[in-house]
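The values are calculated or read from the model by the stated rules, or taken from the named source; none is laboratory data. Predicted, not measured: the structure shown is a model, and the values here were computed from it. Here the Cβ positions follow ideal geometry from the backbone for every residue, glycine too, while neighbour counts run over all protein chains shown. Please note that ligands, DNA and RNA were not included when accessible areas were found on the heavy atoms of the full protein model with its side chains. Shrake-Rupley method; radii C 1.70, N 1.55, O 1.52, S 1.80 Å.
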Amino acid sequence: SQFCSEQKDFVIHSQIGTVTIISVQTHFMCSYLVKQATINDTVNGLVTDAARSFWKDRKALLLITSSYSESLLRWMPTLISYTNGASAAHYQVHFMALFHSIANEASKQNIELHERLFGNVVDFSQAQRLGFIEAFVSFYKEIFPNNTYSNDGLRAEAAMLVESIFKLPLLGLLNFIV
């Protein structure tokens, strides 16, 4: 079909098994993952949330990471995943796909890869938070194989990059600077 020929890379990751994830992203969505400059408002960084009860299977989630678009003046999806569960392992796969997209987009824009690009706000789910942290550790070790950080050091770094909505002030989600 025309869509498949125009969006050859639409499915950026798929894993079928006990932990099933299918992550999709257009080139347009990916382009909003990395910004050339910080926006003067407090809408920098990424927000990830899961929609429960979206699919017929009530255990499955629609997982969306969004970024603020200065031109649209709205939050827009930058990565969408179907998951067959809500474990830390499910979230870890989503975040690994996200981190690889961020790294690829930073490279395309000639932006140096640094930790600040991975800042994220998540919901109250401990599994989501742990999935982010473990994905960051795995990603960092993959991208920087000669790093001298311990896994615990990388986990501490990741914990500073991810914030829970419960830590934010009321109505603070859209005012949070990562």
So what are the ³J(HN,Hα) numbers for region 57-62, from phi and the Karplus equation (6.51, -1.76, 1.60; θ = phi - 60°), rounded to whole Hz, Gly and Pro as x? 6, 5, 7, 7, 10, 9
Size of the dipole of region 7-121 about the Cα centre, Lys and Arg at +1 and Asp and Glu at -1 on the beta carbon, nothing else charged, in debye to 20? 380 debye
Under 19 Å from the Cα of LYS108, which lysines turn up, not counting those fewer than eight places away in the same chain? LYS8, LYS35
Can you order the peptides 16-26, 74-84, 141-151 by their average number of other Cβ atoms within 10 Å per residue, highest first? 74-84, 16-26, 141-151
Take the solvent-accessible surface of the protein heavy atoms, probe 1.4 Å, and return the percent of it on region 1-141 that carbon and sulfur atoms account for. 55 percent
